[in-house]
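The values are calculated or read from the model by the stated rules, or taken from the named source; none is laboratory data. Not measured: the values here are computed from a predicted model. Backbone-built Cβ (ideal geometry, glycine too); neighbour counts: all protein chains shown.
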Amino acid sequence: MKSVLNHDTVAGIDIGSRSIELVVLNPDGLLHRSKTSTAFDPVGQCRRLMDGVIGGRFIATGYGRRLFAESFRDIEVSVITEIQAYALGARFVCPEAMTVLDIGGQDTKVISLSGAGKVRKFEMNDRCAAGTGKFLEFMATALQVPLESFGDFALRSDHRIRINSMCAVFAESEATSLMAGGESPENIAMGLHMGIVQRTAAMLKRVGVSAPLVFAGGVAHNPCVVKLLEEELGQAVMVPEDPDMVGAIGAALYGLNGRVP
Amino acid sequence: MAGSYDEMWEKLNLDVEAHTGLLEVLGKFYGDIYMSQQGRLRGMEYLDFVLSEVHGLRIKELQDAKAQGKKVFGTFCVFVPEEIVLAAGGVQVGLCAGAEIGTSEAEKVLPRNTCALIKSFVGFKLGRLCPFIESCDMIVGETTCDGKKKAYEIFSEYSPVYVMEIPQMKNPADRELWRNEVMRFKNAVEDTTGNKISAESLKDAIHLTNERRRVLQRLNRLRAAVPVPISGRDVLLINQVSFYDDPVRFTAKIGELCDELEDRVKSGEGVAPKNTTRLMMSGCPMAVPNWKLPYIIESSGAIVVGEESCIGTRNTRDLIDENAKTFDSIIDAIVDRYMKIDCACFTPNTERLDNIVRMARDLKVQGVVHYGLSFCQPYAIEAFKVERALRSAGIPMLSIETDYSMEDVEQLKTRVEAFVEMTK
Amino acid sequence: MKDFEDAGEHFLLDLSELEDTDTKVAGVYCLLAPVELIRALGAIPVSLCGKKEWPIAAAERVLPSGLCPLIKSSYGYAITETCPYYSASDFLIAETTCDGKKKMYELLGLVKPLHLMHLPYTTEEPHALEFWRQEIIRLGSFLEERTGWKTDLDHLRFQIKTQNSIRKLLGRISRFQTAERVPISGLDMMTVMESKSFWIYPDKYQQLLQKFISQMEVFVESGFSPFADDAPRILLTGCPIGRGSEKVLRLVEDCGGVVVCMENCTGVKGLDLLVDEEESDPFMALARRYLQIPCSCMTPNTGRLDLLDRLIDEYRVDGVIDLTLQYCHTYNIESRIIGEFVETRRNLPFLHLETDYSDSDTERLGTRIEAFLEMAAPNSLDRAAGNGEPASL
């Protein structure tokens, strides 16, 4: 791996449980962005991602941030939490952002920002899969629909049904019995999407939603979730061009402008 | 209940649209659980009517009463002495709620892992969906369980709450404490109503409430018959309605129902075959429209013949001594009667164990289903003691802990069915 | 520090020397137990509050799992007879504080003589004071019966003076953390504070505290601190913690914060409340003081907000963490009121954490605490957040 120390450039790396994103910035702008899947070897995947990348300091965030810091002792690494990273990244893609929602593969975060962009309050759900991207992935597999098109699939439903189960495992059983009862898979998919949105909305309301709301993370690619969220909250939801990158962007920004450790 | 009440609901600052939706759901629910029963008593028509008008006619009656200067007192616990309110010319209504309503609003101010009953009444308030709450001139809370105690602090941010200190033990000093609280409450009720409470008005009030208790006791006695002439679902509804219906009318109507029941018992007519497993429910209260447990039990091959709970014998078992003549001795009689309540908030509460065993024997039950609301610690801990006491008496017990959602209905049905098989 | 770490052992050692005497030991579970009266009637109070995880499994055989870990741990220690202080106790003194404890004591009273004091919950109402005074007198009768001692008002007044002076010394110690350069870690302070439940001889204990105060004065003079200058100063409030359940405190300090103050039963709660030595009726004086302890089982618990308000100023707090033990309903529901006060009235970041005694959520807690410290840090990220730089991509 080549990495030339250059005090002008900063790399932000977001090591999540499912994917890893890398962003390189200098004061003039973005130099590089890339991502890969975490697979089972986060350190190895990081190495591959960083190959050929010209970067000075690294700011690591996400689930694997400490692992990264420990594994790459030959470069200058600082760590910040995803909360901080997403707050900075959201403000970057939407300068007036007041609320940030991130539904990731294994956890969900809601962050409320002050007028100056500081984190005012946050809440995390990392205990129960039912409110995370994992739930949708699990259900898409159960209904044999590719995850990338699961949202569009659900949007083809012709009426809304309720899935009662809060738990991912029981929801699958419920879905199966509905199928056996002749319910269409599109409608079931819609019901499942409604479930995750309701749980997310409850979390948002507890923290407090102020517009604009930035929706980041992998699940933001899902158009059905976006639509249902907008309906549930009664306000527009802003999905950045590359929602997965928000954390890495925020981490890099921290390196550029934040406190130097 | 149609658009005719919209204006009244609007005046009470209800969210009329959401409220109408709620009533529709309630109606359907009631149809599934109640109207689907076979061989119902004619006397239940009154209850069906009251339920159908739960937020309509009864509220109108309350509004009319208020227009005449009467005051409405809302309560959450059988400990609050209704006699005091009645003696001052007031009306007392129970505000405990039994539906998952306004949950997202409630969960903004209460932790998610709070008892469903508490989240429900807070949700009804914050969602502006309960005309009873909005009709109250005074809302009375009490220091019973931790959840309620702290929830009233949150509730009082929206509506003032008068809190009664309920004793936690039954030593002489605690009786003194309770007597003082009853007197303090009396003063507060007098202030709110503008009426002085006399020995005479107390005696009249006691007679009213005692008569209501007597008719419910009569109903319970009739359920000891084999086969049982009325379903547990119907009796639960009767008990729930007793908390907000007019006492005189209610007592009369239930009296008529009991006459009908006596005829049935004489002719050996039951609401289920003779060999249907007889079960009794014990534990936490079930506020309207929480009909989940008797519905599950009665769809799993058993029938409910008794309730050892605030919506059952805990509320109706004890009468107030009507021999007292002076004001002070009448107050003493009231104080003594309420001190007999064996809620799990009391410690050590051993009398409850005796009451349960006695009741199970009197009703000739094959088993007891202990009902605990999720997160209710007093009843959860007592369930262990109850189980041991029943085991010594040779009576099997099934312990169920659940909330208001319909998510676990199938699982619960399986458990009850297995329990019924066990008791055969 | 070693003396404080070993306070429990020294207690047992001192106790063993008293074996031949008829000295009774009273196990207590709460700050509300009037230790002055216990000592005045010849018994030594010792804290049996369970802070470790391992006895919980035994407790869960008869107690529902949906109960606070402190309660389960305390009960578990009792029925497994693995706590030397419990074994040394001749009888137990308990109070009707929260539902969980109240009902657990029913079971505990079956294995060891237990006296239950009835705490009135509406402590601000006029009737509460006299009622609590009567309960203290009733405790006195129980103690007389158990120890064979008779109530001597002068001796009681003497014990009141002693406890007051000890509270003042502990208060003085806790206030060293108000310094700009915090002299010791919150973890060490916690160890010092825990010692208050494990001593027999007041003179010995007061000497120990005085010695420590002198050492601390030297530290503060020298400006020594184990913490960075800009380490966020955190106030930890809520449920009690201790060695064994200090997970959150440790995490805060591992992640670069410093816990300058604990507004909980382990920390400063009650230290500023002294018993009025001038009051003619010592029982009334005791009742008055103890009823002011701001526990969440009381309603309303306004004393806690007042105390937090003062502590935030005194200790120059940057952020407040409210720790609720899982299934503690009173502190859990109260947390919202505390949070609103801290965020809206004091404009400080607030974090509510719910946890138990196990290690399973250390990672998750760590992320939240780290994120919170980023929020609370006095001068972090003000430049990065919200100024719109760098140039658009």
Original post:
Quick one: what pairs do we get from the stretch A:146-163, first residue within 13 Å of A:Met194 (Cβ to Cβ), second at pLDDT below 95 and assigned to a loop (DSSP other than H, G, I, E, B), C-beta under 8 Å, 6+ apart or different chains?
Top reply: A:Ser157/A:Ser184; A:Ile161/A:Glu183
Original post:
Looking at (1) of a type outside the set (D, E, K, R); (2) in a helix (DSSP H, G or I); (3) free of Cβ contacts under 8 Å to residues at least 12 places away in the same chain, which is the one condition that is false for C:Thr21?
Top reply: (2)
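Condition test on C:Arg316, is it on the phi > 0 side of the Ramachandran plot and touching a Ser or Thr at 6+ places or on another chain (Cβ under 9 Å)?
yes
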Original post:
Hey, any hits in the stretch B:158-172 for a residue that's hydrophobic (A, V, I, L, M, F, W, C) and part of a helix (DSSP H, G or I)?
Top reply: no
Subject >> Per-region count, the stretch B:344-354, residues surrounded by fewer than 21 Cβ atoms within 10 Å (Cβ to Cβ) and under 18 Å from the mean Cα position of the chain (by Cα) >> reply: 0
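Can we say A:Lys227 is without any contact (Cβ under 8 Å) to a residue 40 or more places away in the chain and surrounded by fewer than 23 Cβ atoms within 10 Å (Cβ to Cβ)?
Values: without any contact (Cβ under 8 Å) to a residue 40 or more places away in the chain: no; surrounded by fewer than 23 Cβ atoms within 10 Å (Cβ to Cβ): yes.
Here the answer is no, as A:Lys227 does not meet what is asked.
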**OP:** Looking only at the stretch C:165-182, decide whether some residue is of a type in the set (Asp, Glu) and not in a loop (DSSP other than H, G, I, E, B).
**Re:** no
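Give me the residue from the stretch C:173-187 that is among the hydrophobic types (A, V, I, L, M, F, W, C) and within 19 Å of the chain's Cα centre (by Cα) and, out of that set, surrounded by the most Cβ atoms within 10 Å (Cβ to Cβ). I'd like the intermediate steps shown before the answer.
Just the residues of the stretch C:173-187 that are among the hydrophobic types (A, V, I, L, M, F, W, C), to begin with: C:173, C:176, C:179, C:182, C:184, C:187.
Applying the additional criterion that residues be within 19 Å of the chain's Cα centre (by Cα) yields C:173, C:176, C:184, C:187.
Numbers: C:Ile173: 20, C:Phe176: 19, C:Ile184: 23, C:Leu187: 15.
Of everything passing the filter in the stretch C:173-187, C:Ile184 is surrounded by the most Cβ atoms within 10 Å (Cβ to Cβ).
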**OP:** Of all residues in the stretch B:129-157, count the ones that are assigned to a helix (DSSP H, G or I), among the hydroxyl-bearing types (Ser, Thr, Tyr) and without any contact (Cβ under 8 Å) to a residue 24 or more places away in the chain.
**Re:** 1
Subject >> Residue tally, condition of a type in the set (A, V, I, L, M, F, W, C) and not in a helix (DSSP H, G or I), over the stretch A:115-153 >> reply: 7
**OP:** Search the stretch B:240-258 for residues being charged (D, E, K, R) and in contact with a Gly (Cβ under 8 Å, 6 or more places away or on another chain), and hand back the single one that is nearest to B:Met286 (Cα to Cα).
**Re:** B:Lys253
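Among the listed residues A:Thr108, A:Thr81, which satisfies the condition of being on the phi < 0 side of the Ramachandran plot, assigned by TED's automatic domain parsing to the domain that holds A:Leu253 and among the hydroxyl-bearing types (Ser, Thr, Tyr)? Spell out the reasoning first.
Values: A:Thr108 fails: assigned by TED's automatic domain parsing to the domain that holds A:Leu253.
That would be A:Thr81, the only listed residue that is on the phi < 0 side of the Ramachandran plot, assigned by TED's automatic domain parsing to the domain that holds A:Leu253 and among the hydroxyl-bearing types (Ser, Thr, Tyr).
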**OP:** Name every residue in the stretch A:102-120 that is of a type in the set (D, E, K, R) and either surrounded by fewer than 19 Cβ atoms within 10 Å (Cβ to Cβ) or touching a Leu at 6+ places or on another chain (Cβ under 9 Å) (or both), in order of residue number.
**Re:** A:Lys109, A:Lys118, A:Arg120
**OP:** List every residue pair whose Cβ atoms lie under 7 Å apart, where the two residues are 6 or more positions apart in sequence or sit on different chains, the first residue falls within the stretch C:364-375 and is at the interface with chain A (Cβ under 7 Å from one of its Cβ atoms), and the second residue, located anywhere, is of a type in the set (Asp, Glu).
**Re:** C:Arg364/A:Asp126
Original post:
Would the stretch B:149-168 turn up any residue that is more than 26 Å from B:Ser374 (Cα to Cα) and touching an Asp or Glu at 6+ places or on another chain (Cβ under 6 Å)?
Top reply: no
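So which residues in the stretch A:60-86 are closer than 27 Å to C:Leu351 by Cβ, away from every other protein chain (no Cβ under 11 Å) and outside any loop (DSSP other than H, G, I, E, B)? Please lay out each step first, then the result.
Our first condition is that a residue be closer than 27 Å to C:Leu351 by Cβ; within the stretch A:60-86, this holds for A:60-70, A:77-86.
The next check asks that each one be away from every other protein chain (no Cβ under 11 Å); those that pass are A:60, A:64, A:67-70, A:77-78.
If the condition is that a residue be closer than 27 Å to C:Leu351 by Cβ, away from every other protein chain (no Cβ under 11 Å) and outside any loop (DSSP other than H, G, I, E, B), then A:Ala60, A:Leu67, A:Phe68, A:Ala69, A:Glu70, A:Val77, A:Ser78 are the ones that fit.
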**OP:** Output the qualifying pairs, or none if there are none: Cβ atoms under 9 angstrom, residues six or more apart or on different chains, first residue in the stretch B:307-326 and farther than 27 Å from B:Ile297 by Cα, second residue of a type in the set (S, T, N, Q).
**Re:** B:Leu319/B:Thr209; B:Leu319/B:Asn210; B:Leu319/B:Gln217; B:Ile320/B:Thr209; B:Ile320/B:Asn210; B:Asp321/B:Ser329; B:Glu322/B:Asn210; B:Asn323/B:Ser329
Subject >> Residue count, the stretch B:362-381 (criterion: within 13 Å of chain C (Cβ to nearest Cβ) and over 19 Å from B:Thr114 (Cβ atoms)) >> reply: 1
Original post:
What residue, among those in the stretch C:102-113 that are over 14 Å from B:Met169 (Cα atoms) and crowded, with 19+ Cβ neighbours inside 10 Å, is farthest from the other protein chains (Cβ to nearest Cβ)?
Top reply: C:Leu108
Subject >> Check on B:Ser405, polar (S, T, N, Q) and under 21 Å from the mean Cα position of the chain (by Cα) >> reply: yes
Original post:
So which residues in the stretch B:99-128 are away from chain C (no Cβ under 14 Å), free of Cβ contacts under 8 Å to residues at least 24 places away in the same chain and not small (Gly, Ala, Ser), if there are any at all?
Top reply: B:Thr103
Original post:
Does B:Ser399 meet the test of being within 14 Å of another protein chain (Cβ to nearest Cβ), part of a strand (DSSP E or B), of a type in the set (Ser, Thr, Tyr) and under 20 Å from B:Thr114 (Cα atoms)?
Top reply: yes
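Got at least one residue in the stretch B:232-249 being free of Cβ contacts under 8 Å to residues at least 12 places away in the same chain and not assigned by TED's automatic domain parsing to the domain that holds B:Phe132?
Just the residues of the stretch B:232-249 that are free of Cβ contacts under 8 Å to residues at least 12 places away in the same chain, to begin with: B:249.
From the residues that got through so far, the ones that are not assigned by TED's automatic domain parsing to the domain that holds B:Phe132 too are B:249.
Yes.
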Original post:
Can you spot a residue in the stretch B:75-98 that is buried (at least 23 other Cβ atoms within 10 Å of the Cβ), modelled with pLDDT under 95 and not assigned by TED's automatic domain parsing to the domain that holds B:Cys310?
Top reply: yes
Original post:
Is it the case that A:Gly89 is away from chain C (no Cβ under 14 Å), farther than 22 Å from C:Arg336 by Cβ, crowded, with 24+ Cβ neighbours inside 10 Å and of a type outside the set (Asp, Glu)?
Top reply: no
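Could you list all residues from the stretch C:274-292 that are of a type in the set (A, V, I, L, M, F, W, C) and crowded, with 19+ Cβ neighbours inside 10 Å? Give the steps one after another, and end with the answer.
Initial filter on the stretch C:274-292 (of a type in the set (A, V, I, L, M, F, W, C)): C:274-275, C:283-287, C:291.
Correct list: C:Val275, C:Phe283, C:Ala285, C:Leu286, C:Ala287, C:Leu291.
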